[in-house]
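Input: a single structure, listed below in structure tokens.
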């Protein structure tokens, strides 16, 4: 029997007041894949949904803000124990004066426990080393991870369940 396949989008939300800052969110301790890790906000695509629309939905439903897609960062495929995943990162810029607030989220999926603006991409290194696709894509885009090394390190790995 084949495993389900998830198509997922993660958002790199840039602060419109300081373009060097991006939003990171902490996953809950009961998260089945990356419990307690800091990462990027993400969600699974609905059937037929365009990636940039998913990115907007993440901002609206999970972060209670509005943002504009500005750049595609990359895509990654990963085999996990219970499903396979295609995940892409999309950079977004916050619109106007609104600010993200995970505590106002209207999500049915993962509810993040903390959020913070960061200027340090290395905040995402622990989650990348634990198998996070979105953090790996982001850090590769920033020149902090070698794509071939992290791909080979995950082959046959059971790092992410």
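The values are calculated or read from the model by the stated rules, or taken from the named source; none is laboratory data. Please read all numbers here as calculations on a predicted model, not as lab measurements. With ideal geometry, Cβ positions are generated from the backbone for all residues, glycine too; neighbour counts draw on all protein chains shown.
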Matching entry among 31, 89, 18 (being at pLDDT below 95 and surrounded by 15 or more Cβ atoms within 10 Å (Cβ to Cβ)): 31
Lone qualifier among 69, 126 - being surrounded by 15 or more Cβ atoms within 10 Å (Cβ to Cβ) and under 15 Å from residue 11 (Cα atoms): 69
Among the residues listed as 100, 126, 69, the single one being part of a strand (DSSP E or B) and on the phi < 0 side of the Ramachandran plot: 69
Qualifying residue in the stretch 103-120 (condition: assigned to a loop (DSSP other than H, G, I, E, B), loosely packed, with under 14 Cβ neighbours inside 10 Å, at pLDDT below 95 and in contact with a strand residue (DSSP E or B) (Cβ under 8 Å, 6 or more places away or on another chain)): yes
Selection from the stretch 131-148 of residues that are part of a loop (DSSP other than H, G, I, E, B) and within 14 Å of the chain's Cα centre (by Cα): 131, 132
Some residue of the stretch 47-56 being outside any loop (DSSP other than H, G, I, E, B), in contact with a helix residue (DSSP H, G or I) (Cβ under 9 Å, 6 or more places away or on another chain) and buried (at least 20 other Cβ atoms within 10 Å of the Cβ): no
